[in-house]
Amino acid sequence: MTGELADILQRAADGGRISAEEALLLYTDAPFHELGEAADAVRRRRYPDDIVTYLIDRNINYTNVCVTACKFCAFYRAPRHEEGWSHPMEEILRRCGEAVDLGATQVMLQGGHHPDYGVEYYEQLFSTVKAAYPQLVIHSIGPSEVLHMAKVSGVDIEEALRRIRAAGLDSIAGAGAEMLPARPRTAIAPLKESGERWLAVMEIAHGLGIESTATMMMGTGETNAERIEHIRMIRDVQDRTGGFRAFIPWTYQPENNHLKGRTQCTSLEYLRFVAVARLFFDNVNHLQSSWLTTGKDVGQLSLHLGVDDLGSIMLEENVISSAGARHRSKLTELVWMIRSAGRIPAQRDTLYRHLKVHRTPADDPTDERVTSHFSSIALPVLQPR
Ligand code: SF4
């Protein structure tokens, strides 16, 4: 390893800030083991108790009808398509109730950009769920939905955010970030808002006290420099707001969509990026890997590259699964993955507070009912589209 690379790695491992150019150099040139060790040093300093967290939640999709037609998406159907569906509120509540019975603490309500769904729809959705299940945290939607609902209702972003928060939204999911830089974003989602707009919605939300996470979808043909540019754009906003709780990179799934033929991100590219993200984000607390898209082995390996959170058991997930994500797990297995990686598993809530720390195997959960995708793919409960 050259002197320059070693210097950058050491500075990052010690908690110093690295530039985007330095991050790119680490991503392309740093030896894998040294890169991983530096990222793990950052994790250890942040979380010296060696705890790795997980969450029990359910992703509930209220509609697959969408006018935005992202090329990478296998989930949506255009308005009036015969396979389009929307769940009535009773069905959404039924799914929330199942989730609560299985120990979920959070729901992620997400869906397409339905041409008729303005702020009023989301107010009704969130207030109905909150009234029925006040114990569930509503960590839901993303900037794209916020922009869409504001447009449908003819209000500005701030009013839309204030109203849906008043109705029960607790925090915003990092969905829809995909790739933020213009070239790769336009190539895969030409009708979606720009990366700058996505970040602008997050910045307004953070200013109102609504925190969020940030995601990144890797593997649709973006360059290494564009991957780094994505995290630079997020870090710049985070410097101003501090509202991103976590960064969650995941890999593009290539089936049943209009981007056929593009390669997926390899496991090594993913793991290297996870490590670089931990070193780059000196201002984001948590780093979550995606076992759903990369597989459980890669998810477990990521725990040695700076990751402190394995995310959700995902009682239900339909969007990424529609595009080919076939990995499945269950609560007992997720806990075993963490423990056998040499870490202490802990169930967390949306705010990353520890709910149950499984210090010894005797503390491990035993409920075999808590499995991922116990209800996927969502059967449409039809109502007029
Ligand atoms: S990713 Fe979201 S916005 Fe894009 S087509 Fe799919 S449902 Fe619509």
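The values are calculated or read from the model by the stated rules, or taken from the named source; none is laboratory data. Note that the structure is a prediction, hence the values are computed from the model and not measured. Because the Cβ atoms are built from the backbone with ideal geometry, glycine has one as well, and the counts that use them run over all protein chains shown. The area values use the complete protein model at the heavy-atom level, side chains included, leaving out ligands, DNA and RNA. Shrake-Rupley method; radii C 1.70, N 1.55, O 1.52, S 1.80 Å.
What full-extension length gain, to one decimal in nm, is calculated for residue 28 and residue 159 as 0.36 nm per residue of separation minus the Cα-Cα distance?
42.8 nm
Please report the antiparallel percentage of DSSP beta bridges with both residues in the chain, rounded to the nearest 5.
15 percent
When the convex hull of the C-alpha atoms of the chain is computed, what volume per residue in Å³ does it have?
119 Å³
Evaluate 2.2 N^0.38 Å with N set to the residue count of segment 74-203, then give the Cα radius of gyration divided by it.
That works out to 1.08 for segment 74-203.
Can you compute the modelled spin-label distance between residue 363 and residue 340, with each label point 7 Å from Cα toward Cβ, in nm?
Spacing of the two 7 Å Cα→Cβ label points: 2.1 nm.
Could you tell me the center-to-center distance, by alpha carbons, between segment 1-79 and segment 296-343 in angstrom?
When both Cα centres are located, 15 Å separates them.
Tell me the mean residue ellipticity at 222 nm calculated for the chain from its helices only (DSSP H runs of n ≥ 4, each -39500 (n - 2.57), averaged over every residue, nearest 500).
Value at 222 nm, helices only, nearest 500: -12500 deg cm²/dmol.
Just how many pairs of Lys in the chain have C-alpha atoms closer than 21 Å, counting pairs that are eight or more places apart or on different chains?
Going through the chain pair by pair, I get 6.
Charges only on Cβ, +1 for Lys and Arg, -1 for Asp and Glu: so what's the dipole of segment 14-160 about the Cα centre, in debye to the nearest 20?
With only Lys, Arg, Asp and Glu charged at Cβ, the dipole is about 240 debye.
Under a point spin-label approximation (7 Å from Cα along Cα-to-Cβ), what is the residue 166-residue 267 distance to one decimal in nm?
It is 5.1 nm.
Could you run the Karplus curve 6.51 cos²θ - 1.76 cosθ + 1.60 with θ = phi - 60° over segment 355-369 and give me ³J(HN,Hα) per residue in whole Hz, x for Gly and Pro?
Values per residue, Gly and Pro as x: 8, 9, 9, 8, 5, 10, x, 5, 8, 5, x, 10, 6, 6, 6 Hz.
Any idea what diffusion coefficient segment 141-234 gets from Stokes-Einstein, in µm²/s, Kirkwood Rh on alpha carbon pairs, 20 °C, 1.002 mPa s?
Here the translational diffusion coefficient equals 157 µm²/s.
Please get the size of the charge dipole for the chain, origin at its Cα centre, with Cβ charges of +1 on Lys and Arg and -1 on Asp and Glu, quoted in debye to the nearest 20.
With Lys and Arg at +1 and Asp and Glu at -1, about 360 debye.
What distance in nm lies between label points placed 7 Å from Cα along the C-beta direction at residue 354 and residue 6?
3.7 nm
Which of the three applies to segment 170-210, rounded, prolate or oblate, going by the alpha-carbon gyration tensor with a ≥ b ≥ c and a/c under 1.5 meaning rounded?
Verdict is prolate for segment 170-210.
Output the peptides 280-293, 239-252, 79-92, 152-165 sorted from most to least packed, where packing is the average of other Cβ atoms within 10 Å over each peptide's residues.
Answer by packing, highest mean first, reads 280-293, 239-252, 152-165, 79-92.
Per residue, how many Å² of accessible area does segment 171-251 show with a 1.4 Å probe?
29 Å²
Would you mind getting me the FRET efficiency between residue 14 and residue 90? Use the beta-carbon distance for r and R0 = 45 Å, nearest 0.05.
Efficiency for this residue pair is about 0.25.
Can you tell me the order of 59-66, 207-214 when each peptide is scored by its average per-residue count of other Cβ atoms within 10 angstrom, highest first?
Order by mean packing, descending: 59-66, 207-214.
Ranked highest first by the average count of other Cβ atoms within 10 Å around their residues, in what order do 361-371, 223-233 fall?
223-233, 361-371
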